[in-house]
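Right, one structure below, let's go through it.
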Amino acid sequence: MKKVQIKMCMGSSCFSRGNNKNVEIIEKFIQENNLSAKVDLVGSLCMNKCSRGPVIVVNGKEHFGVTPDSILDLLRFYFKEKKHAEQCDIH
Ligand code: FES
């Protein structure tokens with residue numbers, strides 16, 4: 001079972017513009033949905049894309065301008081996809 005890799009930019013620009021809140025929302029989401037074994041959540045230094053931040057990289061795909069309002073949609077997207085993929089494996 002492949003884990004979802006979430007890398008959050010914790011550079012000062014991304015952190016102060018939203019990733020400080022996003023990290024709390026992600027941790028809560030992981031806890032509430034019992035996903036800790038299925039996620040690798042790591043922080044990163046500045047990714048040199050500050051003007052497009054807050055930056056979050058999920059499974060190698062960069063997401064820009066991720067706000068506390070849009071982060072849940074992003075999480076639901078990745079975890080729904082994963083569930084779907086698992087179901088497909090069964091058949
Ligand atoms: S602080 Fe995130 S890209 Fe620079």
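Only the coordinates and a few stated rules stand behind these numbers; no lab work does. This structure is a prediction, so every number in the text was calculated from the model and none was measured. Note: ideal-geometry Cβ built from the backbone for every residue, glycine included; neighbour counts use all protein chains shown.
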*asked:* Which condition from (1) closer than 17 Å to LEU74 by Cα; (2) crowded, with 17+ Cβ neighbours inside 10 Å is the one that ASN20 breaks?
replied: (2)
_If VAL55 satisfies all but one of (1) surrounded by fewer than 19 Cβ atoms within 10 Å (Cβ to Cβ); (2) within 15 Å of the ligand (Cβ to nearest atom), what's the number of the condition it fails?_
(1)
_Number of positions in region 1-48 that are part of a helix (DSSP H, G or I), touching a strand residue (DSSP E or B) at 6+ places or on another chain (Cβ under 8 Å) and not charged (D, E, K, R)_ = 7
*Pair list, Cβ under 6 Å, 6 or more apart: region 54-66 residue hydrophobic (A, V, I, L, M, F, W, C), other residue assigned to a strand (DSSP E or B)*: VAL55/CYS9; ILE56/MET8; ILE56/HIS63; VAL57/LYS7; VAL58/ILE6; VAL66/ILE56
